[in-house]
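First up is the structure itself, then whatever we jot down about it.
Quick note: the coordinates plus some simple rules give every number you see, no bench work behind them. No experiment lies behind these values; they were computed from the predicted model shown. Cβ atoms come from the backbone with ideal geometry, glycine included; neighbour counts cover every protein chain shown.
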Amino acid sequence: MMNPFLTPSISSKIVFFKFLMFIFVTNLAKRGRELSSALYKNNNKYTLLMSENKKKHFSFTIKKKMEGKLGRVGEIQTPHGKIQTPAFVSVGTKANVKGLTPEMLKDLGAQVVLANTYHLYFQPGDEIVKKAGGFAKMMHWDGPTMTDSGGFQVFSLGEAFGTGVSKVASGEDIIVSERKGYDKSQKFAHIDEEGVTFKSHLDGSMHRFTPEKSMEIQWNLGADMIFAFDECTSPLAPHDYQKEAMERTHRWAERSLKRHNELDRENVQALFGVVQGGRFRDLREESARVLGAMDFDGYGIGGSFNKDDMAEVVAWVNALLPEEKPRHMLGIGEPLDIFMGVENGCDLFDCVSPTRVGRHGRVYTYDGPVQIKNAKFKEDFTPLEKQCQCYTCQNYSRAYLHHLIRSKEILGQTLISLHNLHFMVKLVDDIRISIENGNFEDFKNAFIARYYQKKGVKREENTCDR
């Protein structure tokens, strides 16, 4: 017969179970404290340190800084390769750089391609792109990639619609606007706190973008680097509206981060926040501080600019953004503006103008842009640029390109687009080399003196709209 004093009672079992639960909860609390130690204070806000996976997939290293300026030489590591910065980003709006194959891009020195979220959402559709393995795989590009958020198209269809003004305005544009105002009654996009409702430019159907939707589309597109959804304002907008739009962009940035983290469990995409605030110093600096405290992998400098003070605006922002993260100057491709952006701390630049103007016969040369349609090139059998090593200049004459463009032959558009993109990629590469060699100022002054020497050669109108 069993001794009753040796038989465990129900109450003793409960006590033992409670003891085990106590040990479990204690260990769990300890693990929680260990996780909490991975938090660090940044501008009075706490940010979770980047995971080991994210460090593995994406990083930015500064290799050399310019003396007395914010400019630097660096290297961005992505899942699909490295980008030496400063770098010019080739724009492939609909998953192709118009008229050029990926092999041509590699040959001319392109490091990274940026596609357009808005346009790929409509054609062929982000779900189809996802099924293809992402836009890079679909277009047969194996290098680093980016997508924008669709925010710029909100600007194009909304605040900018019908104004005749791009994201970059001159002082004269702003004076006229402040005196006369501008008509927004016919705009195709309407913004509210949650997002933007807009009409398709293809068939007039209604669509809705929110920060969450933008993150979902960009996740499907599969780029290495993506941008938070933002509101790009007109340079003509007054301070009150710029402030309203900036604060909305900050709230959208938080929502973009949240949805991105839900989608990207393995941290394969880098997310960039977009600084707004127009041409107003107080707003730009506030935006840089607020977004700089958020856990973004990099930053885009977006929104509207006045040509006359663009350099100041970029300097205000980059003096406050985290130095250890890359900065992308969105939609800027004029040589003078790129020099300004580099010396004030920008690492990446994108613009469609090399191919857009190239398709219409405008050619970039070190002596300034020329129009190949002009009659003086009809019997000019020299290359577009004697010292240029691009495929076009090594194989074809100005006379032949004149003939192709005048005859509206597609080959002419391709050959000039190739040359123009090579010109811009090499220019930014040469700027990087000049920083490494310590002769940036000499290189900048010599280039600008030659490129803008002709009477009437000025900054181009902004043609970077994607």
Candidates per trypsin sites (Lys or Arg not before Pro) in segment 382-414, loop by DSSP, up to 13 other Cβ within 10 Å: K386, K408
Dipole-positive endmost among S397, N420, V352 within segment 328-465 (Cβ charges, Cα centre): S397
Dipole in debye (nearest 20) - segment 297-447, about Cα centre, beta carbon charges: Lys, Arg +1; Asp, Glu -1: 1100
Cut-off 15 Å, label 7 Å out along Cα→Cβ of K325, residues of segment 229-245 by amide N: 229-230
Cβ-based exposure ranking for M206, M104, in which fewest neighbours within 10 Å come first: M206, M104
Extension gain (nm, one decimal) between D203 and K63, 0.36 nm per residue minus Cα-Cα: 45.5 nm
Candidates per GluC sites (Glu not before Pro) in segment 51-136, loop by DSSP, up to 10 other Cβ within 10 Å: E67
Vicinal HN-Hα couplings computed from phi for segment 317-330 (Karplus, 6.51 cos²θ - 1.76 cosθ + 1.60; Hz; Gly/Pro x): 5, 6, 5, 10, 5, x, 5, 7, 10, x, 10, 10, 8, 6
